[in-house]
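Colleague: This is the structure I want to talk about, given as structure tokens.
Just so you know, all these numbers are worked out from the coordinates, no wet-lab data involved. As the structure is a prediction and not an experimental result, all values here were calculated from the model. Positions of Cβ are backbone-derived with ideal geometry, glycine not excepted, and every protein chain shown enters the neighbour counts.
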Amino acid sequence: MDIITWLIVGLVAGLLASALMRGSGFGLLGDIALGIAGAFVGSWTFRELGWHVPFTGLTGVIAVAFVGAVIVLAGFRLLRGVLPRA
């Protein structure tokens with residue numbers, strides 16, 4: 001995939017994950033970063049659990065990135081709630 005595709009997948013997955021987790025989002029760049037991190041986490045999770053992508057093509061990539069972004073966002077919120085604030 002080229003860089004533009006990574007950015008689009010990251011943005012879509014990050015926006016969907018933020019909406020699902022009822023957050024205000026992290027802004028454009030934050031949602032893209034969340035989605036790209038989610039793509040890595042999602043692909044690792046799918047591979048380790050032996051799951052198969054439910055769709056082919058770009059839709060499948062977005063689905064995996066979305067699942068990963070939800071995992072990343074849930075972990076981030078869990079850590080944010082546990083760590084003391086300054």
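Colleague: Taking a quarter of the surface of the convex hull around the Cα atoms of the chain, what do you get in nm²?
Modeller: Values: hull surface 24.9 nm².
Dividing the Cα hull surface by four gives the mean projection, 6.2 nm².
Colleague: Out of VAL64, VAL41, VAL53, any idea which swings most in a Gaussian network model of the chain, alpha carbons joined below 10 Å?
Modeller: Between VAL64, VAL41, VAL53, it is VAL53 that shows the largest mean-square fluctuation.
Colleague: Obtain the nm distance between the two label points defined at LEU7 and PHE55 by a simple spin-label model: each point lies 7 Å from its Cα along the Cα-to-C-beta direction.
Modeller: 2.2
Colleague: Ok, one more. Taking only DSSP H segments of four or more residues, each worth -39500 (n - 2.57), what value at 222 nm results for the chain once the sum is divided by all its residues, to the nearest 500 deg cm²/dmol? Show your work: numbers first, answer last.
Modeller: On the way: 3 runs with 67 residues, N = 86.
It comes out at -27000 deg cm²/dmol, rounded to the nearest 500.
Colleague: How do 33-40, 55-62 rank on mean C-beta neighbours within 10 Å, highest first? Mind showing how you got there, number by number?
Modeller: On the way: 33-40: 22.5, 55-62: 13.8.
Output ranking for 33-40, 55-62: 33-40, 55-62.
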